[in-house]
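The values are calculated or read from the model by the stated rules, or taken from the named source; none is laboratory data. What you see is a predicted model, and the numbers here were worked out from it, not measured in a lab. Note: ideal-geometry Cβ built from the backbone for every residue, glycine included; neighbour counts use all protein chains shown. Heavy atoms of the whole protein, side chains included, go into the accessibility calculation; ligands, DNA and RNA do not. Shrake-Rupley method; radii C 1.70, N 1.55, O 1.52, S 1.80 Å.
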Amino acid sequence: MTAGAPGPVDDSDSKGGLRAALGGLTTRGRSFLAAGVAATVCAYVLGQGDLLRVGLLLAVLPLVCATVLYRTRYRVAGSRRLSPSRVPAGSEARVHLRMDNVSRMNTALLMLQDRVPYVLGPRPRFVLDRVEPGGVREVSYRVRSDLRGRYPLGPLQLRLSDPFGMCELTRSFSAYDTLVVVPRTEPLPALRPAGESSGYGDGRQRSLALAGEDDIIPRGYRHGDDLRRVHWRSTARHGELMVRREEQPQRARCTVLLDTRRIAYQGGGPGSAFEWAVSGAASALMHMVERGLAVRLVTDEGTVAPGADADGFTGSPQDSADTAGLVMDTLAVVDHSDGGGLSRAQDVLRGGDGLLVAFLGTLDEEQATLVARMRQRSRGAVAFVLDGGDWTHGRQDAGPAPAVSEGLRLLREAGWTAVAVRPGAELAQLWQQAGQGGSGASAPAAGTTGVSGGWS
């Protein structure tokens, strides 16, 4: 994917004038200038003609180099390409830089550097030999981040130097590019639980077509309708030909709820409970998209990630990949909220249907009761509950805290499939356990607890 490319840079740009060129004197250039001035003063005081000539040579040389470098007339153009421009956390992306000499003269020795955030690694620098007229030079470097986010790359900078190393001038391109580091996703097992026809399964269910206001059961005959669809009983009652509506597949829906409350999590960093929840939400979303479901992301603040329809769900299967990319971009920058409850999310989910998958932090009794009521309109509900205290102290063998156990009990009594997530747990194992609904399942895997309920 090609990112925005910086335009040409004119090295004869008069930004700051000659003063800027003098400001680019290197340590060597400043030393020569200072030594020349000192020698000239001493020669004047002592009346030494030879020393005066040496002083003038030392003082004039850096000034001449700065003037020549400032008056350089060649032009170069640069471009940057990210491959890819969206990567999971912990993965590498390669940045390709291209320099074109669009002038009619050879360039001098160029030092190329790109500005990158500290979290992506050290600032890359390259030395480019002289570039002939119409010539091209290409270099590349790699960037990697364990922290999700949106990171600006640029501006691209060229540093020009004279052959004696007396002066250096820096010219910057104006364009920036953005590297999006999305949460890590984990492949999840494809299950066929009891609620398949209600919103999971292969992502499709049979329902009556809704083509418009005139599409009522039964509806009047239209030119081109198949006569085999004529509903004779209704025709006799209405006195005109009436036909039955045909059935068509309707995409099943899945809503992923992400709890971002600051008070629900403790600690930070790539291994924190909050990052596990964000990664789990991303994995669930991508898994459902791959199975053909229409998905949406809702946070505790009631915010719905950009979607194709008014409710935030992804569009047609052909457009789902693009919309899923927008949702992943949202998860790349999602952060803690200062809210204390999940009431706004409940308002958004009040009229929802289909499958509901929730990734929740620590729940007190009030919030657990609130989440339990979200199950009423959903055809299946699964909750992954993280105890922030356990994740902070790394307790993997101890059972859930009393408050967490009480919250799990309230959710299960309301029909949720509730799973307590231990530090270091793998989502794929928890996902499989939740799909089995605890029925006939073997002992819980390491880092997990038993579940009850089912997907339906």
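Residues are listed down the side, and each one gets a yes or a no for (1) in a helix (DSSP H, G or I); (2) surrounded by fewer than 23 Cβ atoms within 10 Å (Cβ to Cβ); (3) at pLDDT 85 or above:
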residue	(1), (2), (3)
385	no, no, yes
398	no, yes, no
411	yes, no, yes
420	no, no, yes
432	yes, yes, yes
453	no, no, no
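Checked against (1) open to solvent by 60 Å² or more (accessible area, probe 1.4 Å); (2) closer than 18 Å to residue 159 by Cβ, residue 65 passes all but a single condition, namely (1).
Filter the range 121-137 for residues that are under 22 Å from residue 74 (Cβ atoms) and free of Cβ contacts under 8 Å to residues at least 24 places away in the same chain and give the result.
125, 127, 129 - these are the residues of the range 121-137 that are under 22 Å from residue 74 (Cβ atoms) and free of Cβ contacts under 8 Å to residues at least 24 places away in the same chain.
Quick check, is residue 392 at pLDDT below 85, among the hydroxyl-bearing types (Ser, Thr, Tyr) and not in a loop (DSSP other than H, G, I, E, B)? Step through it out loud before you land on a result.
Numbers: at pLDDT below 85: yes; among the hydroxyl-bearing types (Ser, Thr, Tyr): yes; not in a loop (DSSP other than H, G, I, E, B): yes.
Against the criterion (at pLDDT below 85, among the hydroxyl-bearing types (Ser, Thr, Tyr) and not in a loop (DSSP other than H, G, I, E, B)), residue 392 qualifies.
For the range 155-189, the set of residues classified as hydrophobic (A, V, I, L, M, F, W, C), part of a strand (DSSP E or B) and either farther than 30 Å from residue 331 by Cα or over 32 Å from the mean Cα position of the chain (by Cα) (or both) consists of 158, 160, 167, 169, listed by residue number. Mind checking which residues of the range 83-125 are touching a Pro at 6+ places or on another chain (Cβ under 8 Å), in a strand (DSSP E or B) and either small (Gly, Ala, Ser) or at positive phi (or both)? Selection gives 93 alone. Of all residues in the range 75-88, exactly one satisfies the criterion of being closer than 17 Å to residue 324 by Cβ and hydrophobic (A, V, I, L, M, F, W, C), namely 87.
Would you say residue 192 is at pLDDT 85 or above, farther than 30 Å from residue 62 by Cα and of a type in the set (Lys, Arg)? Explain how you work it out, then say what you get.
On the way: at pLDDT 85 or above: no; farther than 30 Å from residue 62 by Cα: yes; of a type in the set (Lys, Arg): yes.
Judged against the criteria, residue 192 is not a match.
When the range 138-151 is examined, which residues are found to be within 28 Å of residue 74 (Cβ to Cβ) and either among the hydrophobic types (A, V, I, L, M, F, W, C) or open to solvent by less than 70 Å² (accessible area, probe 1.4 Å) (or both)? The answer is 139, 140, 141.
Within the range 324-377, the residues that satisfy the criterion of being touching a strand residue (DSSP E or B) at 6+ places or on another chain (Cβ under 9 Å), of a type in the set (Ser, Thr, Tyr) and open to solvent by 10 Å² or more (accessible area, probe 1.4 Å) are 330, 362.
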